[in-house]
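What follows is calculated from the coordinates using simple rules that are stated; it is not laboratory data. Computed from a predicted model, the values in this text were never measured in an experiment. Using ideal geometry, Cβ is built from the backbone for each residue, glycine included, and neighbour counts are taken over all protein chains shown.
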Amino acid sequence: MRLVTQNLLTCQVKACMDTAATPDGGFLSYPLKVVPDAGGLKQVASPFDEGVAKSILPRLDWAALRKTAAELGVAALPEEVPAGAESDAGFLRSVYALVFDIHLEEGNLLCPHCGRAYPVRKGVPNMLLRDDEM
Amino acid sequence: MDAATPQLRVKRLRAVLQSVRPFSSPKIELEQYHTAADLAARILLLAQSHGDVAGRTVVDLGCGTAMLAIAARACGAGVVIGVDTDADALADAASNLRALEMEDGVDLVHSEVGSFCRSVAKRPRPAGVHTVITNPPFGTRTAGADVAFLEAAAALQPQVIYSLHKTSTRAFLLGRAEEMGYHAEAVAEMAFPLPKAYAFHRKSEGSVAVDLLRLTREPPAAATAAAAAAAGE
């Protein structure tokens, strides 16, 4: 699973979702923290596609991506998407590599609100809930 | 998009999809039927003719063996995510992706489909999923399973949803789609082959009449018929 997908995922535990929204528009159970096992991250260089990079940029939750990149220590992103970013090839390439080239193969996704761990095995996060979590 | 004729594009894509292996342990309660390569090719090329695949973020709900996800990726989708509740199906999907060297271009998520869509939609910002493509259960084993998939898809608020349903349920589903805030039309009628995957099937091969429904947030363009023709059918 790549960060472009992690950027979408949020905790599914009902009690957690019900209490995650904050008055200032925040959402406490997001983004899920990427906690790789030793050697659990895989880096695969994918061919750069400028069209995809441009279309993905406004669709990313930038604050969540920035937080995840910092936690992983893989990139220091600016607080906001810089003006003119969509025509800055270097910037597009770095974001593209960040969201498409880093694969979490083995590890966990941790909810920052309730602490629920979603195990990731062979690159597939297991988001299934127990009965008492629904 | 290359300059190949529609017929040639179907043929090429079908050739890729014919290597997608069916469910190794199909589960009747989940109505896991293999989507035929020909059907998947036609669905994706039709979606492609509407501009809903190349470069787009595409989510395959109830992806099973990843047939539609693979077809989407083969048609140039930028981001492809397959979601399924069944671990065995996902293992089949992963193995299909590896065989086609697509394992780094399609992400799989093990999740109940409704819970996935509703939790993603809870985030403060919309998910930015452009296209949902799904071959849901037809609801013959679990009543309402087809509608539940459509509702989950609509919760993600994509620009467009492609969904396969039994033709006999068309009027009902078009009405439900409107209630979900989508404009819906049947853009193709197809025969869904049912191979003898389950012991209770008496006939070795049958098929069921299905519609490809296309749900859009905007009223459908008048060009649909022309687009369907361009997709080769």
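Quick look at the numbers
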| item | result |
| --- | --- |
| Charge dipole (the protein assembly as shown, unit charges on Cβ, about Cα centre) - positive-most of A:F27, B:Q18, A:S46 | B:Q18 |
| Inter-centroid distance (Cα atoms) of the range A:59-93 relative to the range B:138-198, Å | 37 Å |
| Label-point separation, A:D88 to A:A38 (7 Å along Cα→Cβ), nm | 3.9 nm |
| Long-range lysine pairs (8 or more apart or interchain), the protein assembly as shown, Cα under 20 Å | 14 |
| Average projected area [Cα convex hull, the protein assembly as shown], square nanometres | 18.8 nm² |
| Cβ-based charge dipole, the range A:64-134, positive-most Cα from A:A75, A:L128, A:L98 | A:L128 |
| Shape metrics for chain A, restricted to C-alpha atoms - Rg then Dmax, Å | 15.5, 48 |
| Restricting the range A:72-131 to trypsin sites (Lys or Arg not before Pro) in coil, as DSSP defines it, with at most 15 other Cβ within 10 Å | A:K122, A:R130 |
| For residues of B:62-71, the mean tally of beta carbons on other chains within 10 Å | 0 |
| About the Cα centre, charge dipole magnitude for chain B (Lys/Arg +1, Asp/Glu -1 at Cβ), debye | 180 debye |
| Cα centre as origin, Lys/Arg/Asp/Glu Cβ charges: the protein assembly as shown dipole, Debye | 540 debye |
